[in-house]
Amino acid sequence: MRGTVLGAWALLVATAAGQTCNGYSELCGRAFNQVAYVTTHNSYATGDNIAANQNKSIRQQLDAGVRGFMLDLHKLSSGSSSEPYLCHTSCTLLNGGKLVDALRDFKTYLDRNGGEVVTIYIENAEPFGAAGMAQPFRDAGLDKYAYVPAQGAGGGAWPTLGEMVGSGKRLVVFADRGADAAVAPWILAEDAYSVQTSYSVGAGSAFDCQPLKAVRPLWVMNHFVYTNYTVFGVAFERPSPGTAATVNAESSIEDQAALCQSAGHMPSFVTVDYYDVGGVFRAAAAINKVAYKSTATTTFGSSKESASKTQSAAGPLPVPALGPALAALAALALALA
């Protein structure tokens, strides 16, 4: 009851003050775990590469209204003491650059947009220790925004978005491995707080809302597919740009969300490939039960994405050119041989 009253009060205050949280005044009074966030799978994986999951950069994603980001941490080479890089499967296949450089963009965005709450999910592939993961956040100055739960791992209620905005602690960071509260209390152990649905759904298959691990208050609703591909005799799963318009259709996303909601689970992180194709922003608004509006910004100097550009697609995306990617795959195949 107390949370409901405080949420209603926060909404009244936000509305009176003209405050918005992630672009909507209605969200200011809602707990962090009761909001759906547009989230990008392998957010850094862009460019002319068959391993790319997104068409646009993290800067463009932030400006478009994406509020959840999945980042995979690798070393440049096996056994090296390298700082974290953003790579997909291998830095030989797709290298998105240093983690710290991407985090500087997050810092710029949060500095300039005081009403935004952002979440980062780290897939710690090497794995790095907590200190190795935390240092790039500190070097970027981003740790000052990081939220630390008051009652430790998995305990206690989440604050409202309005409370997070008011406190300045507007960044939530999860890691699947290596979290250590004694070293970096704001890097949260993912399994203690959230659960994911399947991240291995073949193109043409149906989505469900079955948890992969123990149920937690935060649900990562993975809504992307893969296709099978073979190069030089090496078979692997790759993103499926050609099906993005269908997979990311508003109705498709809302159907999976309905499965989660019918089981009593709020799909907190609506995770997609090629976020700029289809209707993910409209679907997230529908899940949040707010009237959709564009929440795009121009923090990084790009032109504001219009609703029509962001929400629709003329047809399936073209498959990226394979020249550079084939060379990278050849190198990877040799490395694995």
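The values are calculated or read from the model by the stated rules, or taken from the named source; none is laboratory data. Fair warning: this is a prediction, and the values are worked out from it, not measured in the lab. Every residue, glycine as well, gets a Cβ built from its backbone with ideal geometry; the counts of neighbours run over all protein chains shown.
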Legend entry - Unique residue being more than 18 Å from the chain's Cα centre (by Cα), outside any helix (DSSP H, G or I) and modelled with pLDDT of 95 or more when the list is ALA182, ALA157: ALA182
Legend entry - Where ARG112 falls short, out of the listed (1) of a type outside the set (A, V, I, L, M); (2) buried (at least 18 other Cβ atoms within 10 Å of the Cβ); (3) touching a residue at least 60 places away in the same chain (Cβ under 8 Å): (2)
Legend entry - Enumeration of residues in region 164-194 that are surrounded by fewer than 18 Cβ atoms within 10 Å (Cβ to Cβ) and β-branched (Val, Ile, Thr): VAL183
Legend entry - Number of positions in region 258-297 that are under 23 Å from SER57 (Cα atoms) and either of a type outside the set (Ser, Thr, Tyr) or part of a helix (DSSP H, G or I) (or both): 16
Inset, instruction - Keeping to region 8-51, report how many residues are modelled with pLDDT under 95, surrounded by fewer than 20 Cβ atoms within 10 Å (Cβ to Cβ) and either touching a Pro at 6+ places or on another chain (Cβ under 9 Å) or within 30 Å of SER200 (Cα to Cα) (or both). - result: 2
